[in-house]
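A short reminder: the numbers here are calculations on the coordinates, not readings from a lab. All values reported here derive from a predicted model rather than from experimental measurement. Neighbour counts are summed over all protein chains in view; Cβ atoms, including those assigned to glycine, are modelled from backbone coordinates with ideal geometry.
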Amino acid sequence: MNDFHKNPEAETARSSNHPGTMNRRHFLASLGLSAAAFSLITSGTFSPSWVQANSVSHEDIPVNPNHFVLLADTHCGPHLKHQINFMKKSLSEIAAMNPRPAHVLIYGDFAFLYGKKTDYLVLKELMATLDKVQIPWTVCMGNHDRRDFFSEIFPEHAGKSLMADRLVFKVETPNMDFILLDSLCQAPDDSRWITPGEVLDDQKDWLNETLKKQTKPVIVGAHHSLDETKVDDILKSHSCVAGYVNGHHHTWSTEPQKDLPALILPSNGHWGDIGLVNVHANENEAVFKFTMRDFLVFNKTPEFKPNPLRHQKLAEKQGAVWRLDLK
């Protein structure tokens with residue numbers, strides 16, 4: 001699916017609910033921060049009050065090893081209002097869950113538009129909500145991300161990659177595993193992005209060898225769909241593969257891809273279907289349930305009126321379920 005950003009600067013301005021680019025004072029105010037507090041945040045010496053307020057005592061809260069939360073297309077960065085507000089809401093809800101989920105997986109476009117370092121600095125403070133309660137999380141790269149800046153700001157996460165030149169991860173759980181591939185075509189120029197995704201031959205070889213050794217059902221995924229990652233032949237050749245998950249299209253969809261069971265995730269808070277997905281697994285099946293927060297017309301803020309599709313989409317998709325056979 002194409003990205004429809006025809007004017008990135010105008011998109012940023014629209015997202016901020018201001019007629020022009022939001023200035024630093026307005027951005028800080030939108031987060032409830034003073035200039036001094038922002039300076040402390042970016043230096044790593046201070047956590048904003050909303051993080052502290054949403055931190056919970058987690059020592060006595062059990063972890064459900066078969067519960068996972070899936071997000072995609074968070075698109076967070078400076079000068080953004082509704083994207084950050086949706087992210088705060090999701091992370092606060094996840095952190096407050098009892099029992100706690102075992103893992104949070106984010107299927108790309110973690111950063112806003114160009115994957116700038118400042119995007120990841122904002123995300124570092126946002127993700128502190130999960131870090132404080134020790135809920136692990138894993139991100140795969142989307143077409144609006146950058147491996148270099150993500151790795152610089154989140155070295156502890158990048159260091160878990162199973163490939164040296166790509167950010168590729170495996171999350172193991174009792175009844176199934178997740179493999180997150182890296183489909184980012186990173187532009188040399190860090191002021192632009194490339195929409196199409198690809199999985200290069202060395203990553204395909206790694207995937208094939210990994211699946212040969214897989215002993216549990218596995219869900220393979222990436223930011224881009226199978227039309228672009230083109231790993232369907234590999235997936236079909238291994239009986240352990242239960243399905244495929246991706247983001248990128250900002251819509252909940254359970255239509256098969258290349259004759260394989262597949263799920264496209266909603267955006268957490270940018271445009272299109274807005275929400276998150278809770279996954280509960282047992283030895284027989286994995287159940288993916290969509291919590292829908294909103295439907296946003298592209299390039300429009302939540303306050304945009306009229307939005308005639310909002311109620312229709314909410315009625316159609318709220319609580320939608322995708323069941324995946326693990327037997």
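Details
- Taking label positions 7 Å along the Cα-Cβ direction at both K236 and D189, the computed distance is 3.9 nm, reported to one decimal.
- Highest average packing first - 264-273, 177-186, Cβ atoms within 10 Å: 264-273, 177-186
- Estimated FRET transfer efficiency when R0 is 30 angstrom, pair E59-K160 (beta carbons, to 0.05): 0.75
- For the residue pairs K160/K327; K88/K160; K230/K327; K81/K258; K132/K327, alpha carbon separations beyond 31 Å are given by K81/K258; K132/K327.
- Neighbour net charge for P256 - beta-carbon separation under 14 angstrom, K R +1, D E -1: -2
- Rounded FRET efficiency, nearest 0.05, which uses the C-beta distance separating A96 from F298 and R0 of 22 Å: 0.10
- Built amide H within the under 5 Å cut-off of H103, gap 5+: V69
- Each residue of the range 296-305 was assigned a 3J(HN,Hα) from its phi angle through the Karplus expression (A = 6.51, B = -1.76, C = 1.60, θ = phi - 60°), giving 10, 4, 4, 6, 10, 7, x, 7, 4, 9 Hz with x at Gly and Pro.
- Charge tally in the Cβ shell below 12 Å around W206, where Lys, Arg are +1 and Asp, Glu are -1, W206 excluded: -1
- Of the trypsin sites (Lys or Arg not before Pro) found in the range 224-317, not one falls in a DSSP loop while having at most 13 other beta-carbon atoms within 10 Å.
- Footprinting exposure proxy for Y114, Y120, Y107, Y244 (fewest neighbouring C-beta atoms within 10 Å first): Y114, Y120, Y244, Y107
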